[in-house]
Amino acid sequence: MKIVINPIYNLFILFLTLSFTSCEKDTPEIVEEQEVITTVTIEFKAADASSQTFKWQMDQANTQTITLKTNTPYEVSIAFLDESDPGNVKVITEEVAEEADEHQIFYEFSDVTVSYTSGESDALDSNNNPVFIHSIWTASSTGTGFARAYLIHEPTTKSSTTRNGFGGETDVAIDIPITIVD
Amino acid sequence: MKRSVFRLLIFVVVITLKGSPILYGQSCNYSLKGNILDLHDQSPIFGALITIEGTTFFSQTDEFGTYNFENLCPGTYLFLIEHPQCDSLKRKITIRQNQVLNFKLEHHINELEEITVSDSKLEQITNSAQEARLNADQILEYSSKSLADALNTLSGVSVLRTGNSIAKPLIHGMYGSRVGIVSNGMRLRDQEWGADHAPNIDLNAFETIQVVKGAAALKYGGDTPGGIIVLAPAKKVLKDSLYGNTVLNMETNGRGGSISSRWVKTFKSGFYYSGQLTAKRFGDFQAPNYNLTNTGLQEGNLSFKLGSNRIVEGWEFNYSRFSNEVGILRAAHIGNIQDLATALASNIPLRVNPFTYDINAPKQQGTHQNIQISYFSTTKNQAKWKWEYSYQINQRKEFDVRRGTRSELAAIDLKLQTHALSGNYTWKKFENWKYEWGINSLLQDNFSNPNTGVKRLIPDHLKIELGSYILGVYKPNNMFSWDWGLRLDGVLIDALKYYDERDWIERGYADEFELFEIQDMGTQLLTNPKFNFLNIAGQTGVVFGFGKGFESNVSYILSQRAPNASELFSDGLHHSLATIEYGNLRLQKETIHKLLLGVSKTSDSFQTTISPYVSKAKNYIFIVPRGLEQTIRGAFPFWQYDATNALFFGIDLNADLDLSPELNFNWSASYTYAQDLEANLPLISIPPFNSTQKIKYTSNSKKWDLEIAHQRVSKQLRFPDNNFKFNTIKMGTIVPETVDISTPPESFNKLDMIFSLYLKRSKILKSYLKVMIKNITNNDYRDYLNRFRYYAAENGRNIQLQLNFIY
């Protein structure tokens, strides 16, 4: 028995089917970005309770300058936010504190001399290393420069004095212009 | 007189019974046997089919060209002798006794046919264009490796790597969408656009792999100026048989191995089924001096086929599934350019952990499934119809190192579904002319899962392609042939993509592509980019034989390619390269002219091929650094797809010399030059000059052989300077630092060895053991074509034991 197939006809039908199949795509959902850090705020609080806040926002010119006095301790608190949806701002700092072992905040200074130590209520990792979410800064001489704030993910070591020393991946690297006066 | 009346009677009966020769009451116990031989050299023709018209009787020749019919009734029959590579023969034969009859067939290469394999004879896909191929033994050797690794042994084919396990074939300096992969007669539709997307295919399922350099294989598409890689399964024979092979690999580097097994069951009726399974598992690979953390891989593939091939008519159902999980070098996951600079400054990867089989983020998971049906039928006048339909589902997931438990959640999750339908018709006109006409259509749907929590790299889109081609070959004699082909393709791309409203305006799309805007969602803008492309491709070439083994071919190829989804829409951060990549909606189709020349000389003990080529590209799409973008991770270089005019030329060389019956020497080399003619700069990722020399000793008894191969890859001196500077803080002050991502690594030498020992070589079972040592000297080197050369060296020494059973 031989099955009779008209090749041209069949081909034609198949092509027609393929070409005219309704191929409208559904409107894609907007992706909810889950771990974007859009904003970093750093609050500097002096003993007299006066405070200055530096805010780095994605897609914006960030030009504020922080003025610090020499030999004066400042309570410095850093916060990481996801403001991609203004109606639903997520505070990522909490996540950083919870996963203290996988995170490290590190400050590096250019042309200014500032030292910092862990502050009150700072998060500590399982080996009691400070994460530096809260820190105390003291500037030793006058000058103009900037501080570079890093958030390091999965550092290879938790105690170092240079960015390279920590290893890991840089999640945040922003510069804060600083003027130090007497 | 009496006899002739009888004969006439038989004839009449035969006619009335419409050819049914079974005459009841007669003794039907005659036999007819003989050999089918090549008209020219009297060599036996294997696989020829002899049918008796109007009956169910048929026989197929074995490897000695022998056919056999039993239980024939006396009478006159019309015998039809056919072979895919021969002109058919019809003979009227009267049977009245047991007979021996030999037939001679005009044996020729069937240029337009799909590749078929008959023992050592391979058909060419194209006539005049350059082809290189790997046979079953060579494929087996690379059983535990990737397709690109296997092809790397061919001159003119290099490998673009991302780490150890992700490898893409690079032909004449081109890869990705410019290189097509054809398996079972259909183009593989995986996410081929990505430099770090290895082809989702298991080479163990195939018997031959052929590389056509340039877009000369027009039946598979006109958009692959680099070339086409055609993978073909074993040809089925028409006899009751069970055959296959099993290969087992154990390797020291990666402390893993693979097993792959294949079985084919064929029946005299033409019916066949086959199955194939492959499993691979490796832990972390090792560079000479350290562990390459998180580079393990696992892979599991299966396929099965069911079909019937009766030479004149056949069908096939094919299902295959490929799935793998590949770890990405942990040290290659970086946050910003300062991290990249640190990695570049270090001689060893910045994260080296002890060996493990675990695969953690960053990693890739790929699954590719193909369901395919095909049918062919030969018409009376030797013309042939073939239709194929395939449905391919490709799923690709990429996992990044993320905060919290999100590393478990894919950062890229793509599903690409492709329906493809093709039909072709081949026919002959006058003795020397052959034609093929065909039509291909494709409907492709890409879905990007929004639940990744990461902006889509590639948007949801539909792609529709409709193409038609016509090919012809004129071959008046064995010394000359002329072939040509023309192809026309329409490509429609219909995407739905969210653009950052600010980006949309910044790039000037708001004015130029206002029509694409659909809905304003606040900070995001939903757009519907739609593009149509009409592409032309053409090819023509001639082959001259000068006698004494001299042959020369010239071919010209025109190809046009529509930009792919990545080139148009790409939008995202590459963690391993610390770059942001942007697509470009303004891209036009790319046009490439290529001229290839080949000169070869073949004698009994010597064979050489010299193949230079030149190609000129208009609107050549490539990615270029466009500046630094300030992000919360610091300044990032951003790269954008753009087009330029480019010039390529190069040469592939090959020589093979039998120094004595035991000793064989083989040399191959290739050089590629590629220049961006607008910027007057070299193009990136072009293979440097490389050469491989092999010497092989085969023992007198042919029981064992030993091959030593030396590969030398020069330093690439032609590269674009894509270095950039960033400000780093050193000793309390800011210092500008250059990140050198451009300078290629030094040249290197690599020594490999293969020892093969035949354990058993009988008709039913062939078994051999191979000991392969790669990088014998444990040389610590980096490869310019490995995108992870910034982070780690290539693999160190590997000792591989391979056990083969062919049955």
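Does segment B:633-685 hold any residues that are without any contact (Cβ under 8 Å) to a residue 60 or more places away in the chain, hydrophobic (A, V, I, L, M, F, W, C), crowded, with 16+ Cβ neighbours inside 10 Å and over 30 Å from B:Ala709 (Cα atoms), and which are they? Step through it out loud before you land on a result.
Residues of segment B:633-685 that are without any contact (Cβ under 8 Å) to a residue 60 or more places away in the chain, as a first pass: B:638, B:640, B:642-647, B:649, B:651, B:655-667, B:671, B:673, B:675-682.
Applying the additional criterion that residues be hydrophobic (A, V, I, L, M, F, W, C) yields B:638, B:643, B:646-647, B:649, B:651, B:655, B:657, B:659, B:663, B:665, B:667, B:677, B:679, B:681.
Next, from what is left, pick out any that are crowded, with 16+ Cβ neighbours inside 10 Å: B:638, B:643, B:646, B:649, B:651, B:655, B:667, B:681.
Across segment B:633-685, the qualifying residues are B:Phe638, B:Ala643, B:Ala646, B:Leu681.
Looking at segment A:117-145, which of its residues are within 14 Å of chain B (Cβ to nearest Cβ) and over 21 Å from A:Leu81 (Cβ atoms)?
Kept after step one, since they are within 14 Å of chain B (Cβ to nearest Cβ), are these residues of segment A:117-145: A:131, A:139-141, A:143-145.
Hits for segment A:117-145 are A:Ala139, A:Ser140, A:Ser141, A:Gly143, A:Thr144, A:Gly145.
Can you name the number of the only condition in (1) free of Cβ contacts under 8 Å to residues at least 24 places away in the same chain; (2) more than 9 Å from chain B (Cβ to nearest Cβ); (3) within 27 Å of B:Arg402 (Cα to Cα) that A:Ala149 fails?
A:Ala149 satisfies every listed condition except (1).
Test A:Thr113 against the stated conditions and say whether it is within 12 Å of chain B (Cβ to nearest Cβ) and surrounded by fewer than 20 Cβ atoms within 10 Å (Cβ to Cβ).
Working: within 12 Å of chain B (Cβ to nearest Cβ): yes; surrounded by fewer than 20 Cβ atoms within 10 Å (Cβ to Cβ): yes.
For A:Thr113, the condition - within 12 Å of chain B (Cβ to nearest Cβ) and surrounded by fewer than 20 Cβ atoms within 10 Å (Cβ to Cβ) - is met.
Take residues that are among the hydrophobic types (A, V, I, L, M, F, W, C) and either over 19 Å from the mean Cα position of the chain (by Cα) or under 20 Å from B:Ala167 (Cα atoms) (or both) and tell me which of the strands (runs of 3 or more DSSP E) falling wholly in segment B:288-327 contain 3 or more.
Working: elements: B:290-292, B:297-309, B:313-327.
In segment B:288-327, the matching strands (runs of 3 or more DSSP E) lie at B:297-309, B:313-327.
From B:Thr540, B:Thr579, B:Thr523, grab the single residue that is in contact with an Asp or Glu (Cβ under 9 Å, 6 or more places away or on another chain) and within 30 Å of B:Pro362 (Cβ to Cβ).
None of the other options fit; the residue is B:Thr523.
Residue by residue through segment A:8-37, note down the ones that are modelled with pLDDT of 80 or more and facing chain B (nearest Cβ under 7 Å).
Hits for segment A:8-37 are A:Thr27, A:Pro28, A:Glu29, A:Ile30, A:Val31, A:Ile37.
Within segment B:721-755, how many residues turn out to be assigned to a strand (DSSP E or B) and of a type in the set (D, E, K, R)?
Looking only at segment B:721-755, we keep the residues that are assigned to a strand (DSSP E or B), and these are B:724-730, B:733-739, B:748-755.
Of the ones still in play, those that are also of a type in the set (D, E, K, R) are B:725, B:730, B:737, B:750, B:752.
Counting residues in segment B:721-755 that are assigned to a strand (DSSP E or B) and of a type in the set (D, E, K, R) gives 5.
For B:Ile684, are the conditions met, namely being modelled with pLDDT under 95 and farther than 30 Å from A:Ile174 by Cα?
Working: modelled with pLDDT under 95: yes; farther than 30 Å from A:Ile174 by Cα: yes.
Judged against the criteria, B:Ile684 is a match.
Do we find that B:Ile166 is modelled with pLDDT of 90 or more, surrounded by 22 or more Cβ atoms within 10 Å (Cβ to Cβ), over 13 Å from the mean Cα position of the chain (by Cα) and not charged (D, E, K, R) in this structure?
Working: modelled with pLDDT of 90 or more: yes; surrounded by 22 or more Cβ atoms within 10 Å (Cβ to Cβ): yes; over 13 Å from the mean Cα position of the chain (by Cα): yes; not charged (D, E, K, R): yes.
Here the answer is yes, as B:Ile166 does meet what is asked.
Please determine, by comparing only the residues of segment B:460-483 that are of a type in the set (Ser, Thr, Tyr) and within 23 Å of the chain's Cα centre (by Cα), which one is farthest from the other protein chains (Cβ to nearest Cβ). Walk me through how you get there before you give the answer.
Of all residues in segment B:460-483, those of a type in the set (Ser, Thr, Tyr) come to B:468-469, B:474, B:481.
Restricting the remaining residues to those that are within 23 Å of the chain's Cα centre (by Cα) gives B:468-469.
On the way: B:Ser468: 11, B:Tyr469: 15 Å.
This residue is B:Tyr469.
Taking B:Gln630 as meeting all but one of (1) within 14 Å of chain A (Cβ to nearest Cβ); (2) not in a strand (DSSP E or B), write down the number of the exception.
(2)
Is it the case that A:Ala47 is hydrophobic (A, V, I, L, M, F, W, C) and either within 12 Å of chain B (Cβ to nearest Cβ) or within 19 Å of the chain's Cα centre (by Cα) (or both)?
On the way: hydrophobic (A, V, I, L, M, F, W, C): yes; either within 12 Å of chain B (Cβ to nearest Cβ) or within 19 Å of the chain's Cα centre (by Cα) (or both): no.
Taking the combined requirement at face value, the residue does not satisfy it.
Have a look at B:His574, B:His593 and point out the one that is in the same structural domain as B:Pro529 (by TED's automatic domain parsing) and without any contact (Cβ under 8 Å) to a residue 24 or more places away in the chain. Spell out how you get there, then give the answer.
Values: B:His593 fails: without any contact (Cβ under 8 Å) to a residue 24 or more places away in the chain.
Being in the same structural domain as B:Pro529 (by TED's automatic domain parsing) and without any contact (Cβ under 8 Å) to a residue 24 or more places away in the chain holds for just one of B:His574, B:His593, which is B:His574.
Between A:Thr70, A:Thr41, which is touching a Leu at 6+ places or on another chain (Cβ under 9 Å), modelled with pLDDT of 85 or more and more than 9 Å from chain B (Cβ to nearest Cβ)?
Values: A:Thr70 fails: touching a Leu at 6+ places or on another chain (Cβ under 9 Å).
None of the other options fit; the residue is A:Thr41.
If I go through segment A:135-182 residue by residue, how many of them are within 28 Å of A:Ala49 (Cβ to Cβ), surrounded by fewer than 19 Cβ atoms within 10 Å (Cβ to Cβ) and not hydroxyl-bearing (Ser, Thr, Tyr)?
Final tally of qualifying residues: 5.
Identify, by number, the condition in (1) surrounded by 16 or more Cβ atoms within 10 Å (Cβ to Cβ); (2) closer than 30 Å to A:Met58 by Cβ; (3) not β-branched (Val, Ile, Thr) that B:Arg586 doesn't meet.
(1)
Which ones in segment B:686-710 are outside any strand (DSSP E or B) and surrounded by fewer than 16 Cβ atoms within 10 Å (Cβ to Cβ)? Outline the logic, then answer.
First, the residues of segment B:686-710 that are outside any strand (DSSP E or B): B:686-689, B:699-703.
Answer for segment B:686-710, where residues must be outside any strand (DSSP E or B) and surrounded by fewer than 16 Cβ atoms within 10 Å (Cβ to Cβ): B:Ser699, B:Asn700, B:Ser701, B:Lys702, B:Lys703.
Could you name every one of the strands (runs of 3 or more DSSP E) located completely within segment B:180-281 that has at least 3 residues being within 16 Å of the chain's Cα centre (by Cα)? Before the answer, list the steps.
Numbers: elements: B:208-213, B:227-232, B:241-251, B:256-266.
By residue number, B:208-213, B:227-232.
Which condition from (1) touching a helix residue (DSSP H, G or I) at 6+ places or on another chain (Cβ under 9 Å); (2) among the aliphatic types (A, V, I, L, M); (3) without any contact (Cβ under 8 Å) to a residue 60 or more places away in the chain is the one that B:Leu717 breaks?
Only one criterion in (1) touching a helix residue (DSSP H, G or I) at 6+ places or on another chain (Cβ under 9 Å); (2) among the aliphatic types (A, V, I, L, M); (3) without any contact (Cβ under 8 Å) to a residue 60 or more places away in the chain is unmet by B:Leu717, namely (1).
List the strands (runs of 3 or more DSSP E) that sit entirely inside segment B:476-561 and contain at least 3 residues that are among the aliphatic types (A, V, I, L, M). Write out each step before concluding.
Values: elements: B:480-500, B:517-520, B:524-527, B:530-547, B:550-561.
Correct list: B:480-500, B:530-547, B:550-561.
Of all residues in segment B:359-384, how many are more than 30 Å from B:Arg281 (Cβ to Cβ), crowded, with 18+ Cβ neighbours inside 10 Å and of a type in the set (D, E, K, R)?
Step one: filter segment B:359-384 for residues more than 30 Å from B:Arg281 (Cβ to Cβ), giving B:373-384.
Then drop every residue that is not crowded, with 18+ Cβ neighbours inside 10 Å, which leaves B:374-378, B:384.
Then keep just the ones that are of a type in the set (D, E, K, R); that gives B:384.
Final tally of qualifying residues: 1.
Filter segment B:329-341 for residues that are assigned to a loop (DSSP other than H, G, I, E, B) and aliphatic (A, V, I, L, M); which is modelled with the highest pLDDT?
The qualifying residue modelled with the highest pLDDT is B:Leu329.
When you go through B:Ile741, B:Ile729 one by one, which is the residue that is more than 14 Å from chain A (Cβ to nearest Cβ) and surrounded by 14 or more Cβ atoms within 10 Å (Cβ to Cβ)?
Numbers: B:Ile729 fails: more than 14 Å from chain A (Cβ to nearest Cβ).
Testing whether each residue is more than 14 Å from chain A (Cβ to nearest Cβ) and surrounded by 14 or more Cβ atoms within 10 Å (Cβ to Cβ) leaves just B:Ile741.
From the list B:Thr367, B:Thr356, B:Thr418, pick out the single residue that is out of contact with any strand residue (DSSP E or B) (no Cβ under 8 Å at 6 or more places or on another chain) and touching a residue at least 40 places away in the same chain (Cβ under 8 Å). Let's see the steps before the verdict.
Working: B:Thr367 fails: out of contact with any strand residue (DSSP E or B) (no Cβ under 8 Å at 6 or more places or on another chain); B:Thr418 fails: out of contact with any strand residue (DSSP E or B) (no Cβ under 8 Å at 6 or more places or on another chain).
Of the residues listed, the single one that is out of contact with any strand residue (DSSP E or B) (no Cβ under 8 Å at 6 or more places or on another chain) and touching a residue at least 40 places away in the same chain (Cβ under 8 Å) is B:Thr356.
Yes or no: A:Glu75 within 16 Å of the chain's Cα centre (by Cα) and within 30 Å of A:Thr156 (Cβ to Cβ)?
Numbers: within 16 Å of the chain's Cα centre (by Cα): no; within 30 Å of A:Thr156 (Cβ to Cβ): yes.
In short, no.
The values are calculated or read from the model by the stated rules, or taken from the named source; none is laboratory data. Here the structure is a predicted model, which means the values were calculated and not measured. Every residue, glycine as well, gets a Cβ built from its backbone with ideal geometry; the counts of neighbours run over all protein chains shown.
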